[in-house]
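Quick note: the coordinates plus some simple rules give every number you see, no bench work behind them. As the structure is a computational prediction, the values presented were derived from the model and not from experiment. Note that we place each Cβ from the backbone using ideal geometry, even for glycine, and neighbour counts take in every protein chain shown.
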Amino acid sequence: MKITGTFLDEITHDIPSNNWGPAEWAADFDAMKAIGIDTVIIIRAGYADRVTFPSRTLRSHVPNVRECYRDYVDLFLREAERCGMDFYFGTYDGKHWLEGDTRRELEINKEFCTEAVERYGDRKAFSGWYLSHELSGYDPAQIELYRELGTHLKKELPLPVLMSPYVHGRMQFDDPVEIEAHRDQWDTIFREISGFVDTVAFQDGQMHFSELPAFMEANCELARKHGITPWSNIESFERGMPIDFLPINWDNMHYKLSITEQYPIEKLITFEFSHFMSPNSMYPSARHLYNRYREYVGGFDESVRRSVP
């Protein structure tokens, strides 16, 4: 299987910014297209006091919201349209849901996403929604947030809704979930959000490599049981290193790609191309990862050049 989608992380949360402008982003979309990426997903259009477009909603609801100097949603839509890609709009993560106030999170998001439809809903590339609130297990309030927000999104613009949850695994947590407990929780979660979420792309980096097949099998089986399309989010950064987060070792990515061949996964996306796989990345090892991946898929093309030295 090939990676055909990537997140776009312009509001960087725990990785440095590439500090790109329109020319650098255009070069990166060209590099994505060269390896077959046809889908881009802005991971969050707003985060706390930051935003990717000049939003009246956040100016109204978020004290001291930062100035937005460039409309990145318009930029990404323009590049997606130029390259023939689908664009998924990521919702607002105000962090209220993590503090127990899911109602405030929901109300801001409803207004924020309605505003997005008013601004961008007629754009050719606008093809879906992404719920930026990442789940790892069953929480009634968070499930209600998904149900209500998913319903609102489909009412505003009836497009597919994507989620990318994570496994409460031993590569990130001291109290990792066991596979049977994971199965039980996600059987319940999928049953309760079926009809509000169309596609699930589990992150693949929180468990040991030896555990990945069992979790991937369970995730595919449960998603299909409840009518949800299974994708996989192939993390292109390394976990478990002394420094977080750096481009993944190619052998590790190769292993994860090979595992996906065994299960009925319909699409591979990654978090995330521009930092960890791009020939234009601030990280030299990402440029080499791009070359190794192109060799793997048989698409090494010397005409694709990196845009920065």
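Only lysines eight or more places from LYS95 in sequence, or on another chain, were considered; those with a Cα closer than 22 Å are LYS110. Only DSSP H runs of four or more residues enter the estimate; each adds -39500 (n - 2.57), and after division by the residues of the chain the mean residue ellipticity at 222 nm equals -12500 deg cm²/dmol.
Computed extension gain for ARG239 through ALA23, at 0.36 nm per residue and net of the alpha carbon distance, reaches 74.7 nm.
Each residue of the stretch 49-61 was assigned a 3J(HN,Hα) from its phi angle through the Karplus curve 6.51 cos²θ - 1.76 cosθ + 1.60 (θ = phi - 60°); the sequence is 9, 10, 8, 9, 8, x, 8, 5, 4, 6, 4, 7, 9 Hz, with glycine and proline shown as x.
Close amide H contacts of ILE3 (hydrogens built in the peptide plane, cut-off under 5 Å, sequence separation of 5 or more or a different chain): none are found. For THR114, THR12, THR6, the sequence from fewest to most other C-beta atoms within 10 Å is THR12, THR114, THR6. Here each label is just a point 7 Å from Cα along the line to Cβ, and for TYR263 and ASN249 those points are 2.2 nm apart. Each residue of the stretch 10-16 was assigned a 3J(HN,Hα) from its phi angle through the Karplus expression (A = 6.51, B = -1.76, C = 1.60, θ = phi - 60°), giving 7, 7, 5, 9, 9, 9, x Hz with x at Gly and Pro.
Here the Gaussian network model covers the chain, with springs between Cα atoms less than 10 Å apart; of SER55, SER232, SER258, SER258 fluctuates the most. Is any residue of the stretch 196-237 close enough, with backbone N under 13 Å, to a label point placed 7 angstrom from the Cα of ASP184 along the Cα-Cβ axis, and if so, which? Inside the label zone: nothing.
Distances between placed amide hydrogens fall under 5 Å for SER132 paired with THR91, all partners being 5 or more residues away or on another chain. Derived scalar couplings between HN and Hα for the stretch 267-284 equal 7, 10, 10, 9, 10, 9, 4, 5, 8, 10, 10, 7, x, 9, 5, 5, 9, x Hz in order, rounded to whole Hz, by the Karplus curve 6.51 cos²θ - 1.76 cosθ + 1.60 (θ = phi - 60°), x for Gly and Pro. Against the set (i) 28, 22, 19; (ii) 27, 26, 18; (iii) 32, 28, 16, the structure's computed semi-axes √(5λ) of the Cα gyration tensor in Å falls on (ii). Under 5 Å from the amide H of ASP86 lie the amide H atoms of THR39, VAL40, each residue being 5 or more positions distant or on a separate chain, with H modelled from the backbone and absent for Pro and chain starts.
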